[in-house]
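Engineer: Please read through the structure below; I'll follow up with questions.
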Amino acid sequence: MQEAILKIDGLSKQFQLHDQNKLIPSCAQVQLEVFAGELTALVGPTGAGKSSVLKAIYRTYLPSGGRIVYRDANDSLTDLAQASEHRMLELRKHELGFVTQFLHCLPRKSAVEVVAEPLVTRGTRRDLAAERARELLALLNVPERLWGVPPATFSGGEKQRVNLARGLIARPRLLLLDEPTASLDPATTDRVVELLQSIKAEGVAMLAIFHHPELVERLADRVVKLKPPVAAATLLEPLAS
Ligand SMILES: Nc1ncnc2c1ncn2[C@@H]1O[C@H](COP(=O)(O)OP(=O)(O)OP(=O)(O)O)[C@@H](O)[C@H]1O
Ligand SMILES: [Mg+2]
């Protein structure tokens, strides 16, 4: 039987609001597995902690408890809940991809440069990376007149396409997707579905959140349902005065 690329056990995350003396739980007791060549979909109501799980894996958030065991290209295991910053940077550079809900990009770089960057970082020649970036931008229906322009002023849908192209260009081993098609039209959504299917066929493992349940049906091999964490806010012990 195939071994999981990612195995999450008892993951939880709370945020401590010091000024209000409160703990806000964002996900609790999450259990899931992701396999090469398969897509695991995370579903659940708003606030259930779906985005928080992806951020804990990519370590945008430091988890409060549980294990996030990642099997790397050399078959060695790393607990991403405990890994050093250096190890995380290395994994982000070579193995992990994250298409976040919103594009956070550096100003003054053109859309082509923003998309090509992950390939350049991995050692691909700049002109070849730019060529691949233009192919992806064309595939995702980004108008050619925008390719040389920084995406800061793009519309929501245009930014999302740039974000997707950037996330898909380097073929990570594990790809995290947070509502990648939420602001796309049906024709572009279909192209994204085809693209994700072909990436899956190449063996990439994916953990994804989709805005439309229909996409879960089309793409998911496994579905994990998150429940909102119990107790909206737990009061801490009153501070000694
Ligand atoms: N940085 C943060 N500081 C404080 N609370 C946070 C933070 N990030 C997330 N939370 C809280 O954690 C809970 C889960 O948030 P999360 O964004 O993971 O939900 P979600 O399932 O992705 O929801 P949606 O479907 O609306 O995107 C929410 O109640 C949110 O307020
Ligand atoms: Mg979310």
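The values are calculated or read from the model by the stated rules, or taken from the named source; none is laboratory data. A quick note: this is a predicted structure, and the numbers were derived from the prediction, not measured. When we count neighbours, we look across all protein chains shown, and the Cβ atoms used for this are built from the backbone with ideal geometry, even at glycine.
Engineer: For residue 146, state whether it is modelled with pLDDT of 95 or more and within 16 Å of ligand 2 (Cβ to nearest atom).
Structural biologist: Spelling it out, it is not the case that residue 146 is modelled with pLDDT of 95 or more and within 16 Å of ligand 2 (Cβ to nearest atom).
Engineer: Can you tell me which of (1) without any contact (Cβ under 8 Å) to a residue 40 or more places away in the chain; (2) under 23 Å from residue 173 (Cβ atoms); (3) away from ligand 2 (no atom under 16 Å from the Cβ) is the one residue 55 doesn't meet?
Structural biologist: (3)
Engineer: Quick check on residue 92: is it basic (Lys, Arg) and touching a strand residue (DSSP E or B) at 6+ places or on another chain (Cβ under 7 Å)? Give the steps one after another, and end with the answer.
Structural biologist: Details: basic (Lys, Arg): yes; touching a strand residue (DSSP E or B) at 6+ places or on another chain (Cβ under 7 Å): no.
Spelling it out, it is not the case that residue 92 is basic (Lys, Arg) and touching a strand residue (DSSP E or B) at 6+ places or on another chain (Cβ under 7 Å).
Engineer: Every residue in the stretch 157-177 that is at pLDDT 95 or above and closer than 15 Å to residue 219 by Cβ, please.
Structural biologist: The answer is 175, 176, 177.
Engineer: Can you name the residue in the stretch 13-31 that is surrounded by 19 or more Cβ atoms within 10 Å (Cβ to Cβ) and under 25 Å from residue 221 (Cβ atoms) and is also nearest to ligand 2 (Cβ to nearest atom) among such residues?
Structural biologist: Selected residue: 27.
Engineer: Return yes when residue 114 is crowded, with 16+ Cβ neighbours inside 10 Å and within 16 Å of ligand 2 (Cβ to nearest atom) and no when it is not.
Structural biologist: Values: crowded, with 16+ Cβ neighbours inside 10 Å: yes; within 16 Å of ligand 2 (Cβ to nearest atom): no.
In short, no.
Engineer: Follow-up question, since we're still on this one. Does residue 50 satisfy being within 16 Å of ligand 2 (Cβ to nearest atom) and touching a Cys at 6+ places or on another chain (Cβ under 9 Å)?
Structural biologist: For residue 50, the condition - within 16 Å of ligand 2 (Cβ to nearest atom) and touching a Cys at 6+ places or on another chain (Cβ under 9 Å) - is met.
Engineer: Let me ask something else about it. Surrounded by fewer than 21 Cβ atoms within 10 Å (Cβ to Cβ), away from ligand 1 (no atom under 16 Å from the Cβ) and of a type in the set (Ser, Thr, Tyr): is that true of residue 121 in this structure?
Structural biologist: Against the criterion (surrounded by fewer than 21 Cβ atoms within 10 Å (Cβ to Cβ), away from ligand 1 (no atom under 16 Å from the Cβ) and of a type in the set (Ser, Thr, Tyr)), residue 121 qualifies.
Engineer: Let me ask something else about it. Checking residue 51 against (1) near ligand 1 (Cβ under 9 Å from one of its atoms); (2) of a type in the set (S, T, N, Q); (3) more than 14 Å from the chain's Cα centre (by Cα), which single condition isn't satisfied?
Structural biologist: (3)
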